[in-house]
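These notes concern the structure reproduced below.
The values are calculated or read from the model by the stated rules, or taken from the named source; none is laboratory data. These numbers come from a predicted model, not from an experiment. Note that each Cβ is placed from the backbone with ideal geometry, even for glycine, and that neighbours are counted across all protein chains shown. Surface accessibility is based on the protein's heavy atoms, side chains included, excluding ligands, DNA and RNA. Shrake-Rupley method; radii C 1.70, N 1.55, O 1.52, S 1.80 Å.
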Amino acid sequence: MPHITITASDGEQNPGLADAGQGSRCWHALWTHSHCEQLVHDQLAHKGVQAFLPKVDVWSRRRGVRHLVSVPMFPGYLFFRQAIDQTSYGDVSRTRGVVRVLGERWDRPAEIPEEEIAAIAKVVTERHPVLPFPYLREGQRVRVSTGPLAGVEGILVRAKPDKGLLVLSVHLLQRSVSMSIDATAVTPA
């Protein structure tokens with residue numbers, strides 16, 4: 001896996017808890033066209049919308065030369081904070097490069113908890129190295145991807161940062177066994 005270092009996008013405000021008292025101003029997510037995250041971020045900032053585009057520095061090799069390039073932490077997505085009404089929703093969703101605002105419809109956009117954005121902002125501010133990691137939920141069917149158990153599938157019952165509990169079942173017998181595994185060695189099945 002490549003080594004990744006966190007950076008904030010140019011001119012980006014810290015999205016921490018500074019505006020937490022603004023009641024109806026919640027964090028939302030935008031799905032963008034491929035490689036349009038920075039374009040959308042800049043347009044939203046120009047419109048006065050608080051946008052947050054966390055970035056990571058990754059090593060890239062072009063024409064035999066290695067250098068650091070800054071890429072979005074979550075390719076295809078960025079976050080924004082705005083009180084949503086029909087006019088503001090339309091203004092944001094018509095921004096060039098936006099595919100759509102995530103959520104059911106204009107009056108019910110998906111909200112992202114302040115704590116999740118604050119955690120990402122802290123990692124960005126501290127420039128702490130991160131690696132991409134598959135999103136896993138307890139109860140999800142997973143496959144072991146490395147090691148002697150590679151290819152084994154089961155249900156992830158408990159996931160901690162370094163250890164997980166994997167359950168293997170024989171449905172015909174209605175019996176199961178569990179084992180401790182390295183949580184970094186599993187991917188969604």
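Can you list residues from other chains, or at least 5 along the same chain, whose modelled amide H is less than 5 Å from the amide H of VAL56?
Here THR7, VAL71, MET73 satisfy the definition.
Using 0.36 nm per residue, how much length does the chain from SER178 to GLN86 gain when fully extended, once their Cα-Cα distance is taken away? Write down the numbers at each step before the final one.
Working: separation 92, 0.36 × 92 = 33.12 nm, distance 5.04 nm.
That works out to 28.1 nm of additional length.
Which one of GLN82, GLY103, PRO129 has its Cα pushed farthest toward the positive end of the charge dipole of the range 75-143, where Lys and Arg give +1 and Asp and Glu give -1 at the Cβ?
Working it through, the farthest residue towards the positive pole turns out to be PRO129.
Counting only protein heavy atoms and a 1.4 Å probe, tell me what percentage of the range 43-189's accessible area is made up of carbon and sulfur.
On the way: 5130 of 9460 Å².
Ligands and nucleic acids excluded, carbon and sulfur give 54 percent.
Under 14 Å from the Cβ of ARG105, count the other residues' Cβ atoms, weight Lys and Arg +1, Asp and Glu -1, and hand me the total.
Details: positive: ARG100, ARG108; negative: ASP85, GLU104, ASP107, GLU111.
Residues near ARG105 contribute -2 overall.
May I ask for the net charge around ALA189, where only other residues with Cβ less than 10 Å from the Cβ of ALA189 are counted and Lys, Arg are +1 while Asp, Glu are -1?
On the way: positive: ARG141, ARG143; negative: GLU153.
Value of the local net charge: +1.
Would you mind counting up the charge near VAL167? Only other residues with Cβ under 15 Å from its Cβ, with Lys and Arg at +1 and Asp and Glu at -1.
After counting each charged neighbour, the total is +4.
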